[in-house]
Every structure is written in structure tokens, then in C-alpha cells.
Amino acid sequence: MSDEGTALPIRVHLCLLRSAEIQELRSAMRSLGDRRLELAGLTTDGSDAARHVAASQSDVVIAGAELFGDDGGNGLVAFLTDVQALGPRAIVLIEVWDQDLGDELERLTAVAAVEMRPIDAGRVLKRALAIGEAVRAARIRARQQETAAAERLAERLAVPPAGRSIVCVTARKGGIGKDTLASNLAWAIAERNVPVLLVGGDPKDDLAAYCGADPAPGVAAFLRQPTRDGFASGLQRFRNFHLMVGLADDHLAAQWNSRFDRDEPNLIRELLMTARDFPYGAVVVTLPTEYSHWRFQPLARADRILYVVTPAQADVVNAIRDITMVRRDVGPEFMPEDRLFLLLNRVRSGDRRRLTEIANVIAEGVGFEVPLIGTIPDAHPYIAVAQSRGELPHSWMIDELEPFRVAFDDLAERLGLTRPRIPRQDGDGRRLGALVRRVLRGLGREGTTADPTATSSAGELPA
Ligand SMILES: Nc1ncnc2c1ncn2[C@@H]1O[C@H](COP(=O)(O)OP(=O)(O)OP(=O)(O)O)[C@@H](O)[C@H]1O
Ligand SMILES: [Mg+2]
């Protein structure tokens with residue numbers, strides 16, 4: 001439905017009302033005669049009420065309180081919560097002797113108004129009109145904000161990464177979906193025929209489990225031998241991309257932690273620089289949650305930092321704190337304004353209209369806009385269903401699910417990654433490129449300023 005401008009009538013849905021009330025409201029609506037209100041739908045069955053409201057695309061719902069079943073009002077609260085998530089606001093009709101329920105409802109759900117029975121139909125409709133117009137105006141504002149945000153995102157993404165694109169997936173909160181998102185993103189990028197390397201920057205090594213990868217030297221190979229050869233020997237192929245993860249081995253994890261954190265925090269940066277020597281179109285890195293020194297190193301090397309957050313309020317607050325803290329205590333170059341994006345995970349249909357609001361809250365909290373680069377649906381129901389049928393061996397498989405797939409394909413598209421250009425096999429140019437990189441490396445600012453034409457001396461991916 002298009003509701004540009006407020007010229008279109010406000011759509012009112014009548015839900016579980018008594019027949020006398022329905023008649024009164026309908027005749028009052030007719031006698032209003034100015035076509036500012038129209039009946040969007042009439043629901044008399046409580047079991048599927050929220051779905052009916054969604055289907056009728058209404059602005060205001062007028063609902064009777066007591067007909068939502070015998071479960072002490074739970075049915076009503078659930079209905080109102082669903083309706084609110086869908087967008088319309090509700091006017092609830094209650095009995096005078098249930099006045100207390102009115103306060104309770106306003107506390108539990110965002111009910112726009114409570115009206116006592118017996119109703120004055122004209123008065124109820126007047127309120128419906130005012131509420132509906134406010135809903136419309138808010139919706140139009142949200143749409144304008146969304147369009148403006150999309151334009152700003154496109155502008156920011158229009159600046160192509162210098163050299164190979166390094167995409168870091170990070171978040172301070174554990175279990176928020178970093179590995180799930182990074183592995184699915186790597187897969188979606190590879191589907192677009194762009195060579196991609198997925199690096200598991202977390203000794204915890206969930207990526208290997210999600211991908212069902214074999215134990216392999218992985219990042220540890222580079223730890224032992226921080227050279228091109230060491231790098232190549234740590235790679236393994238998974239499906240259609242290269243994978244380089246740590247090892248689910250306590251000894252190695254400890255060694256990794258101490259070498260990366262205490263002794264050589266810059267080694268992980270070296271690893272990414274070495275990856276840049278190979279013609280990957282993208283290197284996707286997941287980072288651990290802990291506040292170790294080396295966790296931050298890849299961030300300063302990333303062309304795109306995807307900060308994972310969910311619509312839950314606590315996660316939004318966490319994200320604001322983390323981004324602010326990193327910028328203040330570690331350095332703004334580790335969460336740079338121009339390379340930081342939000343990736344929203346576990347989004348449900350009811351969250352969709354809150355997306356702009358979430359981005360606004362984060363922008364206000366951190367003091368600059370962090371554009372929303374993608375939304376990934378909550379795949380939980382699918383996972384649960386498939387697992388119960390024994391069809392889903394591990395979480396990697398959620399990539400087979402359509403909405404999930406589409407979300408990652410969109411994200412890969414938005415990142416605008418392309419196949420790297422095959423370099424000219426020109427000896428002098430190569431030597432010059434290597435020299436420039438060595439000098440820049442010495443200056444400690446080799447990353448994003450790397451010569452984009454400087455690639456693998458072989459110009460090929462390891463087999
Ligand atoms: N969009 C989603 N829908 C359903 N389940 C999800 C989604 N994203 C992540 N999960 C599930 O949440 C759990 C945690 O995800 P994951 O391991 O990717 O998070 P993480 O941030 O890497 O965690 P950690 O901080 O422990 O390393 C996994 O079981 C994963 O299947
Ligand atoms: Mg993880």
C-alpha cells in the first residue's frame with residue numbers, strides 16, 4: 001500500500017469487538033462522510049488475529065480486551081506486542097470495572113489509547129484518526145530517513161578498497177554470530193566467482209567446526225614460519241574458497257595467544273599483508289571477543305569493518321560502549337569512521353521497522369553515523385525444524401536456507417567485491433612494488449596504502 005501524503009484515508013481494523021460495537025463504529029464511520037477513515041478489516045477469530053491485521057495493512061487497530069481467550073489477558077498482550085511490531089497502533093476497549101487493566105496494558109505494550117465501555121463511537125473514531133495520522137507521518141519520516149541512509153551508504157561504499165579487500169567481522173559480545181556471518185559471507189563472495197580467503201582470527205576455532213574442516217596447520221603454520229610458504233602451507237580449500245583457521249588445540253591456542261598478544265602482536269597484520277600478496281578478491285577475518293592487543297591489529301588493516309549487533313537493546317548498548325572504548329583507549333584508527341559498518345544479525349520481521357531507529361541510536365551513542373550494511377534474518381525456526389528432522393548436521397548448513405542465502409548474497413553485492421586483476425608479469429614493476437611495500441612496511445603504514453597493482457609474484461592462488 002502506498003501512503004504517501006496523508007490524503008489517503010486512515011485504515012482501521014476492528015478486532016474482536018461485539019457486534020453492537022461494530023455496527024456503531026461502522027455507521028459513525030459512514031456518517032463522518034469525509035472519507036478520512038476507512039475500514040481495513042474485521043476480525044472475529046482470536047486465534048490468528050495479528051496475521052489478519054498484518055494482511056489488512058492497517059494504521060490503527062481497535063480491539064476488544066476480553067475476547068482474547070481465557071489465559072488471563074496473555075492472549076491480548078501477545079496480540080498487542082505483535083501488532084505493535086507490525087506497525088499499527090492499537091485502541092483497546094475495556095470495561096469500566098477493568099480500569100486497572102488499562103494501566104497494565106499501557107505499561108506492558110505500547111497501546112495508543114484505552115477506551116471505556118460502553119463506547120462513544122464518534123469519540124473513538126476521532127482518536128483513531130489522530131493516532132492514524134501520527135502513524136502515517138512517522139512512517140513517511142522513517143521512509144525518508146531510510147532513503148537518505150541508503151544514499152549515504154552507497155556514497156561510502158563507492159570508495160573502493162586500495163588493493164585486496166580485507167573485511168573484518170567483529171563484535172565485543174560472545175555468541176552474537178561472528179563466525180556464522182563470516183563463513184556465510186565468504187561463501188556468498190565465492191559464489192560470485194571472487195576468490196576469497198576466510199581467516200579465523202579466534203583460537204577458539206568455531207569456524208573450523210562450522211565448516212566441517214579437517215584439522216590442518218592453519219594459522220599456526222604462519223606462526224611457525226611467517227613467510228609466503230608458511231602462509232601457503234596453512235591454507236585449505238573448503239567448498240569454493242580458501243580457509244585458514246587456528247587449531248582446536250589448547251597448546252597451540254596458548255602459543256598463539258602469547259605470540260600474538262605479548263611477543264608479536266603485529267604478526268597477525270603480517271599474515272593479512274601476506275594474504276594481500278595473493279590474488280584474493282577478499283579476505284574475510286573473524287576476530288575474538290577478548291580484549292587482547294592483537295585482536296585490534298586486523299581492524300587497522302581492514303577496508304571494511306562489519307560490526308555485528310542484534311536488535312536487542314542490550315546488544316545495541318554493548319556496541320556503542322565497545323566502539324567508543326576502542327576509539328578512545330586503543331585508537332580511532334581501529335574503528336575508523338569511514339570504514340565501520342553495522343551488520344544486524346537475527347532480525348525478525350517485526351524488527352524491520354526499527355532498523356533506522358537502531359542505526360540512529362548507535363549514531364547518537366558513538367557520535368558519528370555507522371551505516372547499516374546488511375540485515376541477516378534470525379534463522380532459528382528453520383534450524384530448529386531442520387534439526388528435528390535430522391537434516392542439519394551443523395550450523396554451517398543454515399546457508400542453505402533461502403532468506404539467509406539472499407541476505408548474504410545482498411551483503412556480498414553491496415560490498416562490491418570483484419575479481420582482482422591478473423597482474424602483468426613485469427619483473428621491474430614487481431620489484432618496484434615489493435620495494436615500495438617494504439619501505440611502507442618499515443614506516444608502519446603499509447595496509448590500506450598498499451600498491452593495488454602489487455600482487456603475488458606468481459599472480460596465482462596456491463593450489
Ligand atoms: N542469524 C542467525 N540465526 C540463527 N542462529 C544463528 C544466527 N547467527 C548465529 N546463530 C547461532 O548462534 C550461535 C553462535 O554463533 P557464532 O558461533 O557464529 O557466534 P560468535 O559471535 O562467533 O560466538 P563466539 O563469541 O562464541 O565466538 C551458533 O549456534 C549459530 O548457529
Ligand atoms: Mg566465534
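Just so you know, all these numbers are worked out from the coordinates, no wet-lab data involved. Everything quoted here is computed from the prediction, not taken from an experiment. Ideal geometry is used to build each Cβ from the backbone, glycine not excepted, and the neighbour counts take in all protein chains shown.
Observations on the structure shown:
- Cα shape, the range 145-199, gyration tensor, a/c 1.5 rule: oblate
- Sorted by Cβ neighbour density within 10 Å, fewest at the top, the residues THR81, THR286: THR81, THR286
- Likely footprinting exposure, TYR307, TYR210, TYR291, fewest C-beta neighbours within 10 Å first: TYR291, TYR210, TYR307
- For the range 10-141, the gyration tensor built on C-alpha atoms gives a rounded shape. Its axis ratio a/c (a ≥ b ≥ c) stays under 1.5.
- For peptides 8-16, 95-103, 173-181, sequence by mean Cβ density within 10 Å, most packed first: 8-16, 173-181, 95-103
- Taking other C-beta atoms within 10 Å as the exposure proxy, ASP59, ASP120, ASP409 rank ASP120, ASP409, ASP59 from fewest upward.
- Average Cα contact separation per residue, the range 10-141, under 8 Å, 6 or more apart, as relative contact order %: 27 percent
- With K and R counted +1 and D and E -1, the other residues having a Cβ less than 15 Å from that of LEU157 yield a net charge of -3.
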